[in-house]
1. Answer yes or no as to whether residue 194 is away from ligand 2 (no atom under 16 Å from the Cβ), assigned to a loop (DSSP other than H, G, I, E, B) and touching a Ser or Thr at 6+ places or on another chain (Cβ under 7 Å).
2. Could you list, in sequence order, the residues of the range 130-154 that are part of a helix (DSSP H, G or I) and without any contact (Cβ under 8 Å) to a residue 60 or more places away in the chain?
3. Can you report the number of residues in the range 112-152 which are of a type in the set (A, V, I, L, M, F, W, C), surrounded by 15 or more Cβ atoms within 10 Å (Cβ to Cβ) and farther than 20 Å from residue 86 by Cβ?
4. Go through the residues of the range 13-24 one by one and say whether even a single one is assigned by TED's automatic domain parsing to the domain that holds residue 239, at pLDDT below 95 and touching a helix residue (DSSP H, G or I) at 6+ places or on another chain (Cβ under 7 Å).
5. Determine, yes or no, whether residue 94 is surrounded by 22 or more Cβ atoms within 10 Å (Cβ to Cβ), closer than 22 Å to residue 212 by Cα, in contact (Cβ under 8 Å) with a residue 12 or more places away in the chain and among the hydrophobic types (A, V, I, L, M, F, W, C).
6. So if I check each of 48, 65, which one is more than 17 Å from the chain's Cα centre (by Cα), in the same structural domain as residue 5 (by TED's automatic domain parsing) and more than 13 Å from ligand 2 (Cβ to nearest atom)?
7. Answer yes or no: is there a residue in the range 24-42 that is assigned to a helix (DSSP H, G or I) and away from ligand 1 (no atom under 16 Å from the Cβ).
8. Would you confirm whether or not the range 167-190 contains a residue that is of a type in the set (Asp, Glu), out of contact with any Asp or Glu (no Cβ under 8 Å at 6 or more places or on another chain) and within 16 Å of ligand 2 (Cβ to nearest atom)?
Amino acid sequence: MIDIKHLHVNYRGKPALQDVTVHLGSGFTAIIGPSGAGKSTLMRSINGLVPITDGDVLLEGHSIGKPGSAALRAQQRHMGMVFQQFNLVRRLSALDNVLLGCLGRQPQLLGALGLAPKADRAFAMHLLDRVGLAEHAWKRADQLSGGQQQRVGIARALAQQPRVILADEPISALDPKSSEQVMHILRSIHEDDGLTVIANLHFLDTVRQYATRVVALKAGQLVFDTTPDALTRELTRELYDHDPPAVQGAEPPVSVNQLASA
Ligand SMILES: Nc1ncnc2c1ncn2[C@@H]1O[C@H](COP(=O)(O)OP(=O)(O)OP(=O)(O)O)[C@@H](O)[C@H]1O
Ligand SMILES: [Mg+2]
């Protein structure tokens, strides 16, 4: 599905990813690693949000295009993004936010939401129902709880009818109960719909419970690629340089940047 080949990403000449080669197939891949490891950068390079310095990212054999290119826009249509801070349009209803997904999320279409085809409205409504929010469809996004906003975010990503869902720390801003609801939905997206789900996750218990595969990054390099049951204490201690965060509510891992500046 997604082939990452000898990927290098530099920010102002400083490497954030170095020679990462990995194939991400169907299922639920968790990307883990300490703060600053390059997890978000990997996610953004898959979706073409950061320029690739060297190497390549291919979606079903097609190279992700250069920023701003028509090729990239075509690839991005197949990838739904879910964000840590939800990134909804706050003054729009839950339903309109999902409709934005149907319309390819083009801001210039905002004014055309009222004219969205009936079939799109019905589909958006169906997706809200799927994430358990049908009764909140007409509420403004900023009147929803964080967990509800994230479920709208997932419905919006699904409205695009993508092949891949990329979720950068989808539950970091949520309480345990909302996190569980979000993780259940993400699981159903790969189990029931057969989409590829890729998520950056901080808590290893969540990884063990939901992921089918784990890719670990440290200091911009791929350090292991394994199954969740192979995540031994030794492996994770080495990754985080100390005991990793197991369950939500525990301290997040100390950032390598913090360690460096301590
Ligand atoms: N826009 C940017 N400009 C310059 N440097 C950046 C930028 N984004 C990230 N970096 C640097 O690139 C490295 C990787 O960052 P990235 O955000 O991918 O890490 P991460 O694993 O997602 O960390 P976290 O767990 O804290 O979210 C870090 O050293 C970071 O400081
Ligand atoms: Mg990150």
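The values are calculated or read from the model by the stated rules, or taken from the named source; none is laboratory data. Not measured: the values here are computed from a predicted model. Here the Cβ positions follow ideal geometry from the backbone for every residue, glycine too, while neighbour counts run over all protein chains shown.
1. yes
2. Passing the criteria: 130, 134, 135, 136, 141, 142, 143, 147, 148, 151.
3. Looking only at the range 112-152, we keep the residues that are of a type in the set (A, V, I, L, M, F, W, C), and these are 112-113, 115-116, 119, 122-125, 127-128, 131, 133-134, 137-138, 141, 144, 152.
If we keep only those that are surrounded by 15 or more Cβ atoms within 10 Å (Cβ to Cβ) too, we end up with 113, 116, 123-125, 127-128, 131, 133, 137, 141, 144, 152.
Imposing the further condition that a residue be farther than 20 Å from residue 86 by Cβ reduces the set to 116, 123.
Looking only at that region, the number is 2.
4. Checked against the condition, which is being assigned by TED's automatic domain parsing to the domain that holds residue 239, at pLDDT below 95 and touching a helix residue (DSSP H, G or I) at 6+ places or on another chain (Cβ under 7 Å), the range 13-24 yields no hits at all.
5. Values: surrounded by 22 or more Cβ atoms within 10 Å (Cβ to Cβ): yes; closer than 22 Å to residue 212 by Cα: no; in contact (Cβ under 8 Å) with a residue 12 or more places away in the chain: yes; among the hydrophobic types (A, V, I, L, M, F, W, C): yes.
Considered against the rule, which asks whether it is surrounded by 22 or more Cβ atoms within 10 Å (Cβ to Cβ), closer than 22 Å to residue 212 by Cα, in contact (Cβ under 8 Å) with a residue 12 or more places away in the chain and among the hydrophobic types (A, V, I, L, M, F, W, C), residue 94 comes out as no.
6. On the way: 48 fails: more than 17 Å from the chain's Cα centre (by Cα).
Result: 65 is the single residue among 48, 65 that is more than 17 Å from the chain's Cα centre (by Cα), in the same structural domain as residue 5 (by TED's automatic domain parsing) and more than 13 Å from ligand 2 (Cβ to nearest atom).
7. Restricting attention to the range 24-42, the residues satisfying the condition of being assigned to a helix (DSSP H, G or I) are 39-42.
Right, trim to away from ligand 1 (no atom under 16 Å from the Cβ) and you get none.
No.
8. Yes, some residue in the range 167-190 is of a type in the set (Asp, Glu), out of contact with any Asp or Glu (no Cβ under 8 Å at 6 or more places or on another chain) and within 16 Å of ligand 2 (Cβ to nearest atom).
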